[in-house]
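Taking it in order: structure first as structure tokens, then the write-up.
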Protein chains: 2
Amino acid sequence: MDRRQEILQGATKSFSMFGYKATTMEQVAKLANVGKGTIYNFFTNKEELLQEVVISMIRDMKAEAEQTLSPNASFIENAHNGLMKMLQFREQHLLFAKLIEEEKAIQTPAVKQMLVKIEEEIVTFLADRLRIGIEKKEVRPCNPNLVAYLLLKSYLAMIVDWQLTHEEALHEQEILELFKETIFRGIATAP
Amino acid sequence: MDRRQEILQGATKSFSMFGYKATTMEQVAKLANVGKGTIYNFFTNKEELLQEVVISMIRDMKAEAEQTLSPNASFIENAHNGLMKMLQFREQHLLFAKLIEEEKAIQTPAVKQMLVKIEEEIVTFLADRLRIGIEKKEVRPCNPNLVAYLLLKSYLAMIVDWQLTHEEALHEQEILELFKETIFRGIATAP
DNA sequence: TTGTTGACCGATATCGTAATTTGGTCATTT
DNA sequence: AAATGACCAAATTACGATATCGGTCAACAA
């Protein structure tokens with residue numbers, strides 16, 4: 001069995017459940033069924049371990065998103081499906097959500113750095129898709145980076161922030177509908 | 001002279017300068033030139049005193065926003081101007097800024113509650129404007145509360161969050177353009 | 001009688017310190 | 001050559017003594 005992979009899985013689990021600060025290296029070692037020292041054969045320290053976990057999560061997310069995108073489908077359809085996919089795998093974002101929560105409560109530099117990295121990666125991904133859409137004349141000309149940023153922040157607002165001030169979370173359908181009726185319609189070329 | 005008003009003014013000054021937690025009732029009493037006991041003849045406790053101060057601030061904010069609204073201007077222009085005014089209030093109004101700062105550093109329940117209330121007020125204000133727009137057929141039928149929430153969060157993202165990860169702030173023109181090209185076009189009825 | 005006040009009280013916050021935990025190392029084991 | 005857990009310094013927490021603060025109320029003033 002791949003020890004490095006075991007450690008990454010254990011770390012992901014612990015970071016998702018307890019956050020960065022409350023995760024101890026011993027905890028990770030236990031979850032990965034290895035000795036604590038073994039972790040340091042693969043990762044230089046706790047901070048780098050978080051980095052690797054985050055990089056791995058980003059890779060998964062991108063693969064997942066990429067899978068739902070079809071070159072034939074229209075931009076709106078792809079946007080719809082991509083968003084839907086992201087919404088359906090909300091629990092997978094547990095790590096992301098936990099890091100955001102931790103960043104709000106206590107400012108951990110390592111965590112803040114990771115959140116910035118995740119944000120950059122997602123914005124870049126979205127901006128690339130937007131550029132393709134613009135080339136295909138499916139999306140109106142616009143500043144792809146700005147719009148990508150707007151999309152990400154809006155998405156997070158509805159998924160994360162909403163729950164903080166409202167009793168129950170929004171349903172997938174509601175969020176999807178909202179985006180279709182606002183941003184998606186706004187940036188799509190008229191049919 | 002109106003003792004209640006004196007107390008409110010002293011409280012506003014102290015909350016603005018030191019925040020909620022670091023404000024002592026004795027401090028307020030001194031600033032208002034009354035004995036500490038007198039405060040409790042008008043306000044049941046410190047928390048309610050903050051509430052009253054915030055309510056008074058919200059009234060000012062609404063008045064200011066209302067002032068920028070023109071019956072002649074389009075919905076989009078009014079929405080943008082009104083929202084901008086409210087958000088600029090954050091920096092202009094010392095109390096507002098201080099509460100946000102305090103909430104970020106230490107989670108004081110009373111402060112969090114007040115910030116939620118302010119958010120609610122803004123969303124309600126926007127939702128009302130949206131309903132009027134829908135009646136006037138300037139805005140497509142939609143869920144006004146959801147769209148209002150989306151608008152507020154989006155504006156906050158571009159004005160506040162953007163600066164945290166980017167060198168320089170966005171210009172007001174850029175923000176206006178972005179929203180015109182996205183959400184506003186999405187919710188506006190076709191011309 | 002009505003409104004004001006500051007000394008007073010219990011609860012909470014602050015601070016210094018002892019005790020514990022944790023990230024990271026490394027001699028020993030496998 | 002890789003894995004491990006006892007070990008250490010550094011950081012965190014637990015805790016108790018001390019100080020501060022929100023809120024009360026008997027005394028006082030108008």
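The values are calculated or read from the model by the stated rules, or taken from the named source; none is laboratory data. In this text the structure is predicted, and so the values were computed from the model without any measurement. Backbone-built Cβ (ideal geometry, glycine too); neighbour counts: all protein chains shown. These accessible areas exclude ligands, DNA and RNA; they are computed on the full protein's heavy atoms, side chains included. Shrake-Rupley method; radii C 1.70, N 1.55, O 1.52, S 1.80 Å.
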> Total accessible area buried between chains B and A, 1.4 Å probe, in Å² to the nearest 100?
Replying inline: 2400
> Kirkwood hydrodynamic radius (Cα pairs, Å) of the range B:1-144?
Replying inline: 16.7
> Which whole number gives the average count of other chain Cβ atoms within 10 Å of the Cβ atoms across peptide B:143-156?
Replying inline: 4
> On average, how many beta carbons from a partner chain sit within 10 Å of the beta carbon of a residue in A:116-122?
Replying inline: 1
>> Using a 7 Å offset from Cα along the direction of the beta-carbon, what are the separations from B:Pro109 to the same position in each other copy, nm, ascending?
In response: 3.5
>> Can you order the peptides A:9-15, A:35-41 by their average number of other Cβ atoms within 10 Å per residue, highest first?
In response: A:9-15, A:35-41
> Tally Lys/Arg at +1 and Asp/Glu at -1 over every other residue whose Cβ is under 10 Å from the Cβ of B:Gln27; what's the total?
Replying inline: +2
> In peptide A:179-189, how many Cβ atoms from other protein chains are near each Cβ within 10 Å, on average?
Replying inline: 6
> So for the protein assembly as shown, taking the charge dipole from beta-carbon charges (+1 Lys/Arg, -1 Asp/Glu), which of B:Ala97, B:Leu178, B:Val28 sits furthest toward the positive end?
Replying inline: B:Val28
> For the range A:46-187, with the dipole built from +1 on Lys and Arg beta-carbon atoms and -1 on Asp and Glu ones, taken about the Cα centre, which of A:Leu164, A:Met86, A:Thr124 lies farthest toward the positive end?
Replying inline: A:Thr124
> Which FRET efficiency value, to the nearest 0.05, do you get for B:Glu172 and B:Lys36 by plugging their Cβ-Cβ distance into 1/(1 + (r/R0)^6) with R0 = 45 Å?
Replying inline: 0.50
>> Restricting to DSSP H runs of at least four residues, report the calculated mean residue ellipticity at 222 nm for chain A, -39500 (n - 2.57) per run over all residues, nearest 500 deg cm²/dmol.
In response: -22000 deg cm²/dmol
> With the contact rule set at Cα under 8 Å and sequence spacing of 6 or more, what percent relative contact order holds for chain B?
Replying inline: 18
> Relative to the longest principal axis of chain A, what angle (0 to 90°, nearest 10) does the C-alpha long axis of helix A:109-135 take?
Replying inline: 30
>> Can you give me the angle between helix A:46-68 and the longest principal axis of chain A, using Cα atoms only, in degrees from 0 to 90, rounded to the nearest 10?
In response: 30
>> Given Cβ point charges of +1 (Lys, Arg) and -1 (Asp, Glu) and nothing else, what value in debye, to the nearest 20, does the dipole of the range A:46-187 about its Cα centre take?
In response: 520
>> So for the protein assembly as shown, considering every pair of alpha-carbon atoms, how many percent are separated by more than 29 Å?
In response: 52
> Taking all protein chains as present, what is the carbon and sulfur share of the accessible area of the range A:47-191, in % to the nearest whole number, probe 1.4 Å?
Replying inline: 54
> Relative to the longest principal Cα axis of chain A, at what angle does helix A:3-18 sit, 0 to 90 degrees, rounded to 10?
Replying inline: 70
>> Suppose all protein chains stay in the model; what accessible area per residue would a 1.4 Å probe give for chain B, in Å²?
In response: 52
> Mind checking the log10 I(q)/I(0) for the range A:119-191 at q = 0.26 Å⁻¹? Debye, one equal scatterer per Cα, no solvent, two decimals.
Replying inline: -1.18
>> On the principal axes of its Cα set, how long, how wide and how thick is the range A:1-74? Give whole Å, largest value first.
In response: 50, 27, 18
> With contacts defined as alpha carbon pairs under 8 Å and 6 or more residues apart, what's the relative contact order of the range B:1-43 in percent?
Replying inline: 45
> When all C-alpha to C-alpha distances in the range A:1-43 are sorted into bins of 10 Å, what percent of pairs does each bin hold, rounded to whole numbers?
Replying inline: 34, 58, 8
>> Within 14 Å, Cβ to Cβ, of A:Ala188, how many net charges do the neighbouring residues add up to if Lys/Arg are +1 and Asp/Glu are -1?
In response: +3
> Any idea what the dipole of the range B:1-43 comes to, in debye rounded to 20, about its Cα centre with Lys/Arg Cβ at +1 and Asp/Glu Cβ at -1?
Replying inline: 80
